[in-house]
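Notes to accompany the following structure.
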Amino acid sequence: MVAKGWKVYNPSGKKRVVVTKELPGDRWLKILAQADARVEYGTETRILRAREIKAAIGNRCDGAIGQLTEDWGQALFAALRKAGGTAYSNYAVGYNNVDVDAATKRGIPVGNTPGVLTEATAEMAVALTFSAARRVPEADAYMRSGRYEGWLPALFLGELLARKTVGVIGAGRIGTAYAKMMVEGFKMDFIYYDIHRNRGLEKYFREYSKFLRDQGETPVKVTRATTVGEVLENADVVSLHPLLDETTHHLINAKRLRLMKKNAILVNAARGPVIDEAALVAHCKKNPEFKAGLDVFEGEPKMKPGLSSLKNVVIVPHIASATGWTRQGMATLAASNVAAILRGWPVSTDPLRIPEFLEGTAPNAAPSIVNAKQLGLPTLE
Ligand code: DGY
């Protein structure tokens, strides 16, 4: 028997894994079935409440895969542990919705899905950058409304980004991919802020600059800023790629928005609360030349009042990683995390091995467990 809103795969599996949403593709189901798991997955599109997830966990549950929209805190990890659960994976690279300490305290490994969504997310940040810069949604709505009467010299003037300055806050995997797309694609100067220096990226751009010089082209400049403000003051477009934690909550607030150029573009495909959204609404209202491209929102799925009526803001519903390949890859990684723990396999600690998990014969290991060290789990490498 399975409750309404849930489906079962491999009903005869001896272990029980609860997955709160149906995931794309079927490789993830096969991986869990190979670990002898009966998989129960939710088919509702709405966000499940903690009490509904608790009910799904029930009295016996060996592992779970949850969503970034769910609050995996003390209550759910206590329920999972009580039901005999020994494994959890988030279906996301970000895990700000997970209380990792609560899981660690109960000996539960927490998996995530890095590496597979880097390019997709960076591509969406690029798409938002240019949609905002060139006012694509506004122009699209104009065409559809039948108001176009012919080419005009000043119709939908936007911003030219080639050879200007791109800024990145948080130069990890996704910030780096975005920076390369913008610098190599549009020969922009680059300025970034990150508490960790990204020497590899700096070297990459120095060599790219040399290549440009050898081709007789103007080289690009690379700067590591010492403050967030320095990026905001100098860049024509700023893309945010930090992790969300207490140090990055409202990193972009009213005061910092005022540091930005009047016609700058702010892009966020990281996490909504990195921006004080109410302050952004006020700033965009006051500065019609300023633009923003947002994939994520402070109180998802809601937006702050006034945001959706601003013409200088492009908004999409947290779809930066939404390509079929990417979402299937995320499913493979989340399932591989849970299956590996259930099988007693070690944890891979080498991010370069992530592609090995996506097709063909995968290593006998969990691809990414964020609290592996705290739990003293054995490692593959
Ligand atoms: C993640 O995996 O953290 C992303 O936000 C999903 O798009």
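Every read-out reported here was derived from the displayed coordinates using simple, explicitly stated rules and does not represent laboratory data. On a predicted model such as this, the values are computed, not experimentally measured, just so you know. All Cβ positions, glycine included, derive from the backbone under ideal geometry; neighbour counts span all protein chains shown.
In this structure, the pairs whose alpha-carbon distance is over 19 Å, taken from LYS7/LYS302; LYS262/LYS286; LYS262/LYS311; LYS180/LYS221, are LYS7/LYS302.
Please rank GLU277, GLU356, fewest neighbouring Cβ atoms within 10 Å first, as an exposure proxy. It would help to have the intermediate numbers written out before the result.
Numbers: GLU277 25, GLU356 15.
Sorted ascending by nearby Cβ count, the order is GLU356, GLU277.
Between the helical axis of 118-133 and the dominant principal axis of the chain, each derived from Cα atoms, what acute angle in degrees is found, rounded to the nearest 10? The angle comes out near 30 degrees.
Here's the list of aspartates and glutamates a cross-link from LYS4 could span, going by alpha-carbon distance under 16 Å and ignoring same-chain residues fewer than 8 apart: GLU22, GLU40, GLU44, GLU52.
DSSP beta bridges fully contained in the range 118-315 are about 5 percent antiparallel.
Which order do peptides 150-156, 53-59, 245-251 fall in by mean Cβ count within 10 Å, highest first? Before the final figure, lay out the partial values.
Details: 150-156: 7.4, 53-59: 16.7, 245-251: 13.1.
So the order, starting with the most tightly packed, is 53-59, 245-251, 150-156.
In debye, nearest 20: dipole of the chain around its Cα centre with unit charges on the Cβ of K, R (+) and D, E (-)?
Values: 51 positive and 39 negative charges, 113 e Å.
With Lys and Arg at +1 and Asp and Glu at -1, about 540 debye.
Dimensions of the range 1-149 along the principal axes, based on C-alpha atoms and rounded to the nearest Å, stand at 66, 33, 29, largest first.
Give me D for the chain in µm² s⁻¹, whole number, from Stokes-Einstein with Rh from the Kirkwood sum over alpha-carbon pairs, 20 °C and 1.002 mPa s. Provide the component values of the computation, followed by the final result.
Working: Rh = 22.3 Å.
It comes out at roughly 96 µm²/s.
A straight Cα-to-Cα reach below 28 Å connects LYS105 with the lysines LYS14, LYS15, LYS21, LYS54, LYS82, LYS373, residues fewer than 8 places away in its own chain not being considered. Of the residues SER12, ALA254, VAL183, the one whose Cα sits farthest towards the positive end of the charge dipole of the chain is SER12 (charges of +1 on Lys and Arg Cβ, -1 on Asp and Glu Cβ, taken about the Cα centre). For the range 348-356, 3J(HN,Hα) computed residue by residue from phi via the Karplus equation (6.51, -1.76, 1.60; θ = phi - 60°) reads 7, 10, 9, x, 5, 8, 3, x, 5 Hz, glycine and proline entered as x.
Selection among ASN198, PRO109, VAL126 by position relative to the dipole of the chain gives PRO109 as farthest towards the positive end (Cβ unit charges, Cα centre).
Rounded to the nearest 10 degrees, the inclination of helix 277-286 to the longest alpha-carbon principal axis of the chain is 20 degrees.
Computed from the Cα positions only, the extents of the range 118-315 along the three principal axes stand at 48, 45, 29 Å, in decreasing order.
Our coupling estimate for the range 218-226, obtained by passing each phi through the Karplus curve with A = 6.51, B = -1.76, C = 1.60 and θ = phi - 60°, is 5, x, 9, 9, 10, 10, 9, 6, 8 Hz, Gly and Pro reported as x.
Think of each Lys and Arg Cβ as +1 and each Asp and Glu Cβ as -1; about the Cα centre, that makes the dipole of the range 118-315 roughly 420 debye.
Can you give me the Cα centroid spacing of the range 68-110 and the range 249-309 in angstrom? A separation of 31 Å, based on Cα centres. Across all C-alpha atoms in the range 158-263, the radius of gyration and Dmax reach 13.8, 46 Å.
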